[in-house]
1. Quick check on my filter: what residues within region 86-107 are outside any helix (DSSP H, G or I) and surrounded by fewer than 16 Cβ atoms within 10 Å (Cβ to Cβ)?
2. Looking only at region 117-134, decide whether some residue is over 30 Å from Asp195 (Cα atoms) and either touching a Pro at 6+ places or on another chain (Cβ under 7 Å) or not basic (Lys, Arg) (or both).
3. Residues of region 218-239 being farther than 21 Å from Glu150 by Cα, open to solvent by less than 30 Å² (accessible area, probe 1.4 Å) and either over 26 Å from the mean Cα position of the chain (by Cα) or not hydroxyl-bearing (Ser, Thr, Tyr) (or both), which ones?
4. Tell me, please, whether a residue that is of a type outside the set (D, E, K, R), surrounded by fewer than 16 Cβ atoms within 10 Å (Cβ to Cβ), out of contact with any Asp or Glu (no Cβ under 7 Å at 6 or more places or on another chain) and at pLDDT below 80 can be found in region 247-264.
5. Under 6 Å between Cβ atoms, at least 6 apart or on separate chains: pull out the pairs that start in region 117-136 with a residue that is in contact (Cβ under 8 Å) with a residue 12 or more places away in the chain and end on any residue that is open to solvent by 80 Å² or more (accessible area, probe 1.4 Å) and not acidic (Asp, Glu).
6. When you go through (1) touching a helix residue (DSSP H, G or I) at 6+ places or on another chain (Cβ under 8 Å); (2) surrounded by 15 or more Cβ atoms within 10 Å (Cβ to Cβ) one by one for Asn215, which number turns out not to apply?
7. Go through (1) buried (at least 16 other Cβ atoms within 10 Å of the Cβ); (2) assigned to a strand (DSSP E or B) and name the single condition Thr139 misses.
Amino acid sequence: HEGIQGVFRYEISDTISWRLSGFYQEQVNDNDQTVTNLEDLSTTLPAPDHQDDKALLIANKISATVGAVTLQSVTGFYDRQYERQFVDPDSAAFLGAVGLDGNAESTNTNSTKQFSQEFRIITNFNSPLNFVGGVLWSTSDTLTDGVVRETTGTHREFVSMSGLEPSDVFYTLRFDISGDQLALFGELQAAFLDDRLRITGGARYFEQTFEFPTNPPVATAPILEVFGNPSVGDPETFGKDRLMFDVSEILPKAQVEFDVNHDIMLFASAARGARNGLFNNPVSLVFAGFGAGDPVFDKLV
């Protein structure tokens, strides 16, 4: 495990400041995972498991104060690269379920990049009312690749005997999901009883869109062709060259705080939250019999 972190702060003037921070870490793990023996479900076998995880996080914040109003710009960048190679007992179990013996090894890689920009306005008036508001925009791209290969067994021979190109590839997966978000938020606080009682109300509105292209192929599984199922998940299989998902919500919030004394504060809050569900795995839907032309396919995705 290695990492480095740094923060740079510069007071440009009495009213303007700049803060730049960065964080980077890399973790490499090599160990023997525990794999349950699929024959008697009791003994365990040592199996190699290699993981390499790199992450970079950069944040840039500029603040400027004019009278009782503070304006802020916050910029963020996130980059993570992850790779794992391991013995895959679940895929080996599937081989056994279709009458084949053998072991399988998986290689998974994941790349995530995200950029965000936020502008805020914060007031500090010498009055009962103050306000916080702003706008946020972010964009992200996540690419996940996976391949499962047979290391020992009869899968390759079985595929060849079926008249297909011999292959030790059990299946491959590729998910490339990109998304954009735009959000507006505001919060108003009113103070009473010499600031001992504070009532806050606010709301956040956001629009978020995700796109999942199906070209190049999302998945391949040569063995499925042997059983008459689609072996490639691509625009022809899904009936479209991309899947889209969007959500827009208004999320209200209310909070009350009361200082009983210097040591005790009572508060109550209520808020509504929302989190997008992204996509169901379209490959699983197709292999389960829901494909292009099925009226429930879009709803299930």
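The values are calculated or read from the model by the stated rules, or taken from the named source; none is laboratory data. Source: prediction; values computed, not measured. No Cβ is skipped: glycine too gets one built from the backbone with ideal geometry, and neighbour counts run over all protein chains shown. For accessibility, only protein heavy atoms count, side chains too; no ligands or nucleic acids. Shrake-Rupley method; radii C 1.70, N 1.55, O 1.52, S 1.80 Å.
1. If the condition is that a residue be outside any helix (DSSP H, G or I) and surrounded by fewer than 16 Cβ atoms within 10 Å (Cβ to Cβ), then Val98, Gly99, Asp101 are the ones that fit.
2. Looking for residues that are over 30 Å from Asp195 (Cα atoms) and either touching a Pro at 6+ places or on another chain (Cβ under 7 Å) or not basic (Lys, Arg) (or both), one finds at least one in region 117-134, hence yes.
3. Result: Phe238, single match.
4. Within region 247-264, none of the residues are of a type outside the set (D, E, K, R), surrounded by fewer than 16 Cβ atoms within 10 Å (Cβ to Cβ), out of contact with any Asp or Glu (no Cβ under 7 Å at 6 or more places or on another chain) and at pLDDT below 80.
5. Sorted first by the residue in region 117-136, then by its partner, the pairs are Gln117/Trp137; Ile121/Leu71; Thr123/Phe131; Phe131/Leu188; Gly134/Phe119; Val135/Phe119; Val135/Leu184.
6. (2)
7. In the conditions (1) buried (at least 16 other Cβ atoms within 10 Å of the Cβ); (2) assigned to a strand (DSSP E or B), Thr139 misses (1) alone.
Listed here are the residues, each with its yes/no results for (1) under 25 Å from the mean Cα position of the chain (by Cα); (2) in a loop (DSSP other than H, G, I, E, B); (3) at pLDDT below 90.
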{"residue": "Gly6", "(1), (2), (3)": "no, no, no"}
{"residue": "Arg9", "(1), (2), (3)": "no, no, no"}
{"residue": "Gly22", "(1), (2), (3)": "yes, no, no"}
{"residue": "Gln27", "(1), (2), (3)": "yes, no, no"}
{"residue": "Val35", "(1), (2), (3)": "no, no, yes"}
